[in-house]
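Okay, structure first, notes after.
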Amino acid sequence: MRSSYRPDRFTVAIDGPAASGKGTLARGIAETFDFAHLDSGLIYRAIGAKTLEGQDAIVAAQNFDAEDTKRDGLRTSAVSLAASEVAAIPEVRAVLLDFQKQFARRLGGAILDGRDIGTVICPEAEVKLYVTASAETRAKRRLLELRETNSEITYEQVLEDVKTRDERDATRASSPLRPAHDAIMLDTSELSIETALELARSHVREALERLDQAKAD
């Protein structure tokens, strides 16, 4: 069910580690509330893919176009690791900051998911969710995705990749992965997709209702 209230600007920020389910929740919320959606991870995957082709990461960021996120092959393990590496470069993050901030405050509402949305990109977001799950659960989910293109990959390899990326994301000097101080924590380890999505939707509905009531007052 779509919300009947439409603020001019409304931002939902979703952060969390790889394969936690934040992308699925973001897409579901965007559909429910008719918000524009930006998967910030795809931005870094697109740039990471270009570095694998020999481009300099900073130059690739400077020449970034939203259409780059639609290219094929962005969900491979190699691109995932490359994305994590370029995301740790402060100059790359600085170049992409303005694009993401402008998207977040677009008319009609926006939802962004990534690793520093609630802490850096839009700390003023009306709703902030931090979605997580155990490394083992996330590795199983990622394995199902990767098996579609690589039948030889093993659970042990994926789990190691997940842990490596977690460590890199949490310890990078620029915008490390961490929950915003006012983020709502949502652990999806034992939740079905629909249950997790309904919990996320409920937080958005409550925020919209608060704004609606404030406007009425």
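Among the residues of segment 75-96 satisfying the criterion of being modelled with pLDDT under 90 and within 14 Å of the chain's Cα centre (by Cα), which is farthest from Glu167 (Cα to Cα)?
The selected residue is Arg75.
Would you confirm whether or not segment 179-191 contains a residue that is touching a Pro at 6+ places or on another chain (Cβ under 9 Å), surrounded by 15 or more Cβ atoms within 10 Å (Cβ to Cβ), at positive phi and of a type in the set (Gly, Ala, Ser)?
Taking every residue of segment 179-191 in turn, none turns out to be touching a Pro at 6+ places or on another chain (Cβ under 9 Å), surrounded by 15 or more Cβ atoms within 10 Å (Cβ to Cβ), at positive phi and of a type in the set (Gly, Ala, Ser).
Kindly provide the set of residues from segment 15-48 that are assigned to a helix (DSSP H, G or I), farther than 19 Å from Thr164 by Cα and among the small types (Gly, Ala, Ser), ordered by number.
Gly23, Ala26, Gly28, Ala30, Ser40, Ala46, listed by residue number.
When segment 158-177 is examined, which residues are found to be of a type outside the set (D, E, K, R), in a helix (DSSP H, G or I) and in contact (Cβ under 8 Å) with a residue 12 or more places away in the chain? Break it down stepwise before answering.
Narrowing segment 158-177 to residues of a type outside the set (D, E, K, R): 158-159, 162, 164, 170-171, 173-177.
Going one step further and asking which of them are in a helix (DSSP H, G or I), we end up with 158-159, 162, 164, 170-171.
Those that are of a type outside the set (D, E, K, R), in a helix (DSSP H, G or I) and in contact (Cβ under 8 Å) with a residue 12 or more places away in the chain: Val158, Leu159, Val162, Thr164.
The rows are residues; the columns are (1) of a type in the set (A, V, I, L, M); (2) in contact (Cβ under 8 Å) with a residue 60 or more places away in the chain; (3) in a loop (DSSP other than H, G, I, E, B).
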{"position": "Gln102", "(1), (2), (3)": "no, no, no"}
{"position": "Leu107", "(1), (2), (3)": "yes, yes, yes"}
{"position": "Ala125", "(1), (2), (3)": "yes, yes, yes"}
{"position": "Arg142", "(1), (2), (3)": "no, yes, no"}
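Find the residue count for segment 126-185, including only residues that are out of contact with any helix residue (DSSP H, G or I) (no Cβ under 9 Å at 6 or more places or on another chain) and either aromatic (Phe, Trp, Tyr) or under 30 Å from Leu211 (Cβ atoms) (or both).
1
What residue, of Asp166, Asp182, is touching a Lys or Arg at 6+ places or on another chain (Cβ under 7 Å), within 26 Å of Ala104 (Cβ to Cβ), of a type in the set (D, E, K, R) and at pLDDT 90 or above? Lay out the reasoning, then the answer.
On the way: Asp166 fails: touching a Lys or Arg at 6+ places or on another chain (Cβ under 7 Å).
Matching residue, one of Asp166, Asp182: Asp182.
Please verify whether Leu107 is among the aliphatic types (A, V, I, L, M) and exposed (fewer than 14 other Cβ atoms within 10 Å of the Cβ), treating the condition exactly as stated. Walk me through how you get there before you give the answer.
Values: among the aliphatic types (A, V, I, L, M): yes; exposed (fewer than 14 other Cβ atoms within 10 Å of the Cβ): yes.
So Leu107 fits the description; yes.
Scan segment 59-70 residue by residue and report those that are among the hydrophobic types (A, V, I, L, M, F, W, C) and surrounded by 17 or more Cβ atoms within 10 Å (Cβ to Cβ). Steps first, answer last, please.
Of the residues in segment 59-70, the ones among the hydrophobic types (A, V, I, L, M, F, W, C) are 59-61, 64, 66.
Answer for segment 59-70, where residues must be among the hydrophobic types (A, V, I, L, M, F, W, C) and surrounded by 17 or more Cβ atoms within 10 Å (Cβ to Cβ): Ala60, Ala61, Phe64.
Suppose we filter Lys140, Lys101, Lys163, Lys128 for residues that are of a type in the set (Lys, Arg) and in contact with a Cys (Cβ under 7 Å, 6 or more places away or on another chain); which single one remains? Please lay out each step first, then the result.
Details: Lys140 fails: in contact with a Cys (Cβ under 7 Å, 6 or more places away or on another chain); Lys163 fails: in contact with a Cys (Cβ under 7 Å, 6 or more places away or on another chain); Lys128 fails: in contact with a Cys (Cβ under 7 Å, 6 or more places away or on another chain).
Sole residue among the options that is of a type in the set (Lys, Arg) and in contact with a Cys (Cβ under 7 Å, 6 or more places away or on another chain): Lys101.
The values are calculated or read from the model by the stated rules, or taken from the named source; none is laboratory data. Please read these numbers as outputs of a predicted model, since none were measured by experiment. Methodologically, a virtual Cβ is constructed for each residue, glycine included, from the backbone with ideal geometry; neighbour enumeration extends over all protein chains shown.
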